[in-house]
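The values are calculated or read from the model by the stated rules, or taken from the named source; none is laboratory data. Values in this document were obtained by computation on a predicted structure and should not be read as measured data. All Cβ positions, glycine included, derive from the backbone under ideal geometry; neighbour counts span all protein chains shown.
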Amino acid sequence: MWDYSEKVLDHYRNPRNVGKIDNADLIGEAGSLACGDSLKLYLKLDGEKIVDAKFQTFGCGSAVASSSILTEMIIGKTLDEAKKITNKDIADELGGLPQEKMHCSVMGHEALEDALKKYYGKEIEEDLPPQTADKIVCTCFNVTENQIWEAIKVNNLRTVEEVTNYTKAGGACGRCKGTIQDIIDTYYKSENKKEEAPLTATQKILKISKVIEQQISPELQKDGGDIEFIDLEGNKVKVRLTGMCQGCKNSRMTIKTFVESILKDKVDKNLEVEQV
């Protein structure tokens, strides 16, 4: 028996926004009755803002819960904000889903993506290899290579079993499992090539600024301190400590080690931190 969160059970027993919008501005579909699960998502817009969303789904309790929470997540958001929602966001909002049911959150994301494609056109199809356009990999569940690629990318999937849990591909006859493994291998080979390419000075500065702003600064602020990125000279990162961090001489070396370790891990292992 799978272990469901209370939020999943609540949205399954009391689904929100069930039904259809007769004058919907956008309609997205995912899955099919022939494959066992299907979802139709209706959106009503005011300009670029989603003011109403409803769904009709045929599937298990996880499919109902994922569709229900998705409508709550997108109502009130702009289309650009909704475009950034991933299947992982849907699952996280539910408090998690069993691995074997992650394909339900993927179906919700695909229905949303299908609706948004009708508004944005090809703009939404990003970071997919050009040779994969709508090629069916799993004929049992009608899963395309693009869908598998996207699931791997968003959820960091590394095994055929994980891909099956997230997309259902390979879950019936199994004849496509070799192709799925090839897609996994191709994806990570391309990612490794990206990682191997050295950062330019400008890219390094932007990445350091982002890491300091989003990861290091919030941690220091918890204790009344903060940090300011001043400059980059070669591999030497110059920073200024402020607030409580500025006057706490005994902990400066600890803070320097903390900052340096994060920058080495997230940006470049050769970086050194200097306080100015």
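The table for this structure:
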item: Residues being surrounded by 18 or more Cβ atoms within 10 Å (Cβ to Cβ), under 17 Å from Gly76 (Cβ atoms) and aliphatic (A, V, I, L, M) - total across the range 25-55; result: 5
item: Hey, Lys40 part of a strand (DSSP E or B) and either free of Cβ contacts under 8 Å to residues at least 12 places away in the same chain or out of contact with any helix residue (DSSP H, G or I) (no Cβ under 9 Å at 6 or more places or on another chain) (or both) or not; result: no
item: Residue under evaluation Tyr119, criteria (1) modelled with pLDDT under 90; (2) crowded, with 19+ Cβ neighbours inside 10 Å; (3) among the aromatic types (Phe, Trp, Tyr), criterion not met; result: (2)
item: Subset of the range 189-238 (residues that are touching a helix residue (DSSP H, G or I) at 6+ places or on another chain (Cβ under 7 Å) and among the acidic types (Asp, Glu)); result: Asp223, Asp226
item: In the range 165-193, the residues that are touching a residue at least 40 places away in the same chain (Cβ under 8 Å) and within 17 Å of Lys101 (Cα to Cα); result: Asn165, Tyr166, Thr167, Lys168
item: Residue within the range 10-29 that is part of a helix (DSSP H, G or I), charged (D, E, K, R) and over 22 Å from Gly171 (Cα atoms) present; result: yes
item: Close pairs from the range 1-24: first farther than 15 Å from Gly59 by Cα, partner small (Gly, Ala, Ser) and assigned to a loop (DSSP other than H, G, I, E, B), Cβ under 6 Å, at least 6 apart; result: Ser5/Gly95; Ser5/Gly96; Lys7/Gly95
